[in-house]
Amino acid sequence: MKTTPPLDPKAPLVADTRTMSRAPGTTKEWSADIDVTDKLGLDMIAIPAGSQLSVRARLTSVSEGILVTGTVSAPVEGECARCLTAMEDAIEVEVSELYAFEDSTTAETTEADEVMRVQGDLLDLEPLVRDGLVFAMPTTPLCRPDCRGLCAQCGERLDDLPADHGHEIIDPRWAALKKFV
Ligand SMILES: [Zn+2]
Ligand SMILES: [Zn+2]
């Protein structure tokens with residue numbers, strides 16, 4: 001079993017539940033707006049440095065631990081997978097995770113990498129937020145849902161070209177015949 005380093009209660013994605021009653025049904029709102037200092041994501045699509053990611057969560061005491069439900073949202077920037085122009089969008093994802101009390105049956109019957117743990121009074125929300133963002137990142141980012149991509153002949157964006165854009169493709173055999181016309 002791996003040992004996890006103690007959580008820093010002041011870390012931006014650590015929720016402190018010290019003041020929260022453990023009576024089942026008790027809820028507490030928790031939110032954070034985090035400045036993104038380093039680009040988060042992939043080359044094609046990422047949360048840009050200098051932007052802010054937001055977490056709006058509700059913590060609910062349940063008999064086995066604390067249930068965290070909420071929304072993670074962030075702006076994303078990248079490149080349209082079809083026409084390669086720069087695009088901006090926003091992602092928003094619902095997250096939900098049970099953090100088991102250390103002395104609960106759930107904690108005793110599961111591994112720490114299967115079910116998150118309440119560490120003292122602290123909840124490490126970082127894995128939840130990170131997994132949510134990874135899940136929400138579009139695998140095919142598009143500048144708009146029906147982007148028509150690039151013209152296979154000239155490589156221009158079809159959305160920037162007139163509707164009747166086309167190239168006269170002449171079969172080389174006919175081209176030779178044309179000389180006789
Ligand atoms: Zn596009
Ligand atoms: Zn073209």
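Can we say ASP164 is more than 30 Å from LEU59 (Cβ to Cβ) and not in a loop (DSSP other than H, G, I, E, B)? So ASP164 fails the test.
If you check LEU53 against the conditions, is it under 15 Å from the mean Cα position of the chain (by Cα), in a strand (DSSP E or B) and in contact (Cβ under 8 Å) with a residue 40 or more places away in the chain? It is true that LEU53 is under 15 Å from the mean Cα position of the chain (by Cα), in a strand (DSSP E or B) and in contact (Cβ under 8 Å) with a residue 40 or more places away in the chain. Restricted to the stretch 102-139, and to residues there that are touching a strand residue (DSSP E or B) at 6+ places or on another chain (Cβ under 9 Å) and among the polar types (S, T, N, Q), the residue that is surrounded by the fewest Cβ atoms within 10 Å (Cβ to Cβ) is THR139. Total residues in the stretch 142-157 satisfying the condition of being touching a strand residue (DSSP E or B) at 6+ places or on another chain (Cβ under 7 Å) and more than 9 Å from ligand 1 (Cβ to nearest atom): the figure is 1. Take LEU125 and decide whether it is within 16 Å of ligand 1 (Cβ to nearest atom) and in the same structural domain as THR60 (by TED's automatic domain parsing). Criteria not met by LEU125.
Of all residues in the stretch 159-174, which are at pLDDT 90 or above and within 8 Å of ligand 2 (Cβ to nearest atom)? Residues satisfying the conditions are LEU161, HIS165. Identify, from the list CYS83, CYS151, the residue that is free of Cβ contacts under 8 Å to residues at least 40 places away in the same chain, touching a Leu at 6+ places or on another chain (Cβ under 7 Å) and within 16 Å of ligand 2 (Cβ to nearest atom). Going through CYS83, CYS151 in turn, the sole match is CYS151.
The values are calculated or read from the model by the stated rules, or taken from the named source; none is laboratory data. A quick note: this is a predicted structure, and the numbers were derived from the prediction, not measured. Note: ideal-geometry Cβ built from the backbone for every residue, glycine included; neighbour counts use all protein chains shown.
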